[in-house]
1. Counting only GluC sites (Glu not before Pro) that are in a DSSP loop and have at most 16 other C-beta atoms within 10 Å, tell me the longest site-free stretch of the chain.
2. Any chance you could check the Cα centroid distance between the stretch 19-47 and the stretch 125-161 for me, in angstrom?
3. Residues of the chain: accessible area per residue at 1.4 Å, in Å²?
4. What pairs from 548/579; 393/420; 347/461; 155/519; 267/341; 420/519 go past 27 Å between their alpha carbons?
5. Regarding the stretch 286-440, what are the three Cα extents along the principal axes, ordered largest first, in Å?
6. Could you give log10 I(q)/I(0) at q = 0.06, 0.11 Å⁻¹ for the chain, computed by the Debye formula over C-alpha point scatterers of equal weight, without solvent?
7. Residues of the stretch 428-448 with backbone nitrogen within less than 12 Å of a virtual label 7 Å along the Cα-to-Cβ line of residue 401, please, listed as ranges.
8. Using modelled amide H (1.01 Å from N, peptide plane; none on Pro or chain starts), what sits under 5 Å from the amide H of residue 468, excluding residues fewer than 5 places away?
Amino acid sequence: DLIDLGTFKQEVDEGARTGTTDAGVKWSSSSTTPPRHIGFNQHRVDQIHHVVAKIPPSFFADGRLTVRFTTKNVSSLNYESSGVDNLKITAFYECAPCVDVVVVVEEDFEDYTSDADVVNSGWINGKLEDANTPFTNFLGRYDQNSDTAADDPYKSYDVPPGADYLMVELDFYEIDSWDGEDCIYVYLNDQELELLLFNFNVDEGYKSGVSTNGIVWVIDSKPNPPAQIGFNAAEDQIHHLRARVPSYLFVSGVLTMRLATRLNSDKNDESAGYDNIKITAHYNCDNVCLPTEVVSFEDFEDSSSSLAGWVNGKLAFDTGFTQFLGQYDSSDEDSSEDPVKYYFVPKDATYLTVEFDFYEIDNWADPDCIYVYIAAQTLGLGFFTEGADDGGKTGTAGTITWTSESQGPPAHIGFSSSHKDQIHHVTATVPPPNFDDGLLRLSFGTRVEGSGKSAGYDNIKITVHRDCGSRVLLQPPQEAIVAKEEETLKEDTLKEGAVNTDCEEDSEGEDLRRVDVDKCIAPDRFDPIEILSQDTDTVTFSVTQVWKGCDFGSFFQSRKLSWLATDYVASDGELTCSKFNGLECGEKKTLTAVCQDGETIVDLFTYDGDGRVFGQSDDAPIVIPMACGGDDGDATKMCHYRYVVKCAPRKCGKTVEPRKVKKDSFSLF
């Protein structure tokens, strides 16, 4: 196809030109400077023209694009010539909105009525068990008559190849008299997950492993202990499997699941079933680097779910200690009786911190001690003695460093009133490669002699720490995404003289984007941040108190919020935390942040001592930067909000005037 840019004449400013070829190529040409001498013949004037062409897909259907430049001149090189420079070709994509988690498969077999229904749904060797039992409908039952790969049920699922990883979940039913020689295997794209042996007399509890090619899996069991659920009188158990499948294992867009049952008897004695299959695709939509991220917090206050995942877990309660993991004493001296749990953790962490409270209860004496097992390392915390302040300890175990600090002098806290107790807060710093497989093992070993003493463990918190650079919390955007935004702006100015007078207003919904970083419970009627002006390099915004006293007839005695802290990169390029105490409803503060790659991140931390304004749905505490007053208030009565703010209206050209400051945009009604 031919793009004819027209004729050009010395000392004439050709300015802006546009056009469309017969084959549909849209183009524009604009002069970057007025005619002037730039180089070569000093008696002549030159001019630079910037050309943009939008090429439809039909031109590169075979994956190739040929570009040729033709110049027609009437004089020699000494008098006139042309040149081409800064050639840039950018690919653009039509991308659907990104969703963090997409459910790909949910299969509970309840709508099937026959084996044929299961087979027609894609299950090779599939069959339906629809006996009237609490198990309900499921895939099965499989026994010793399904003892080769040719007999195994399998199914191929279409999955999105662009996902960062898949999470595969299913329930495995251990039915009747499994004898400790029976086992199952799950294969995902031929990667074997060896789930080991099962016995109907044993609570298998929590198991975990990693396949050869990096599938991390965990399986936990219910009920605890096993109980009769259906079929024969022998006890049964349900095991829930979760497996994280890395992206390189499903680049074909297909995930094949095969379920292998290896038993030594028929279903009148023992059998297996499979149910509630779920596959979810996970994406990193916001591409946000979180410097710190709490991935697990356990305070054991919820009796119904506190022991999830814990092998040898048990709960104890005393008004002084509240509910905790324990008590462990001399009867738990063998390592096989230690409480243990596996945690999923991000493999991209720079390091992890593991924190917990150790309760030294009643009459401890030398050589009573505890050990903490993290990954493959053993942390010996030393001896503890009743009445002695055993705080201020430090140590190393392999690559792990740890500290132990007493939370007060020895004193009676709970249980036996004739003895003193002490609470110790332990922090361990865990670097790679202790979690290179995305799994972290944590266990506690209590080694005490005699009776009348015990240990408890509480407030277990695992935090991920990442090196995000010098406040570069967003990873650099992909070139195609940047180019797509640039092309959108250019299209608005492709026609000569076209002006988008409403672009600032149209941009408002896209220039300010909230990123969820925790599970905040708080009034959410208004956005606390509003953009006031943008000048490409900086953005000025207001922060408004919109939570407390903002409902008509509010029950709060005070309309003032305890404090609001804003964490941002100030105009001097330094990370700054501006903290405001006692703001009333509707009261606002104005701040200016500097931008990087056209945007900046603003973190809001909020706290109110009333306790009815902020909180977390999982009761986890918020981690507040020390510069913002990290220890100023109860961390369970706080919230954290994160916003990505653009520094130029996305739907305006690059020469748009700064957005005008709005007035009185916040209203209670």
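The values are calculated or read from the model by the stated rules, or taken from the named source; none is laboratory data. All of these numbers come straight from a predicted model, not from anything done at the bench. Quick reminder, even Gly has a Cβ in these numbers, built from the backbone with ideal geometry, and neighbours come from all protein chains shown. Keep in mind that these areas ignore ligands, DNA and RNA; they rest on the heavy atoms of the full protein, side chains included. Shrake-Rupley method; radii C 1.70, N 1.55, O 1.52, S 1.80 Å.
1. With a cap of 16 other Cβ atoms within 10 Å, the longest stretch comes to 111-300.
2. 69
3. 51
4. On the way: 548/579 17 Å; 393/420 20 Å; 347/461 17 Å; 155/519 36 Å; 267/341 33 Å; 420/519 38 Å.
In this structure, 155/519; 267/341; 420/519 lie more than 27 Å apart at Cα.
5. Principal-axis extents of the Cα atoms in the stretch 286-440, largest first: 55, 36, 30 Å.
6. These q points yield log10 I(q)/I(0) values of -0.53, -1.25.
7. 428-431
8. When sequence neighbours closer than 5 places are left aside, there are no close amide H contacts.
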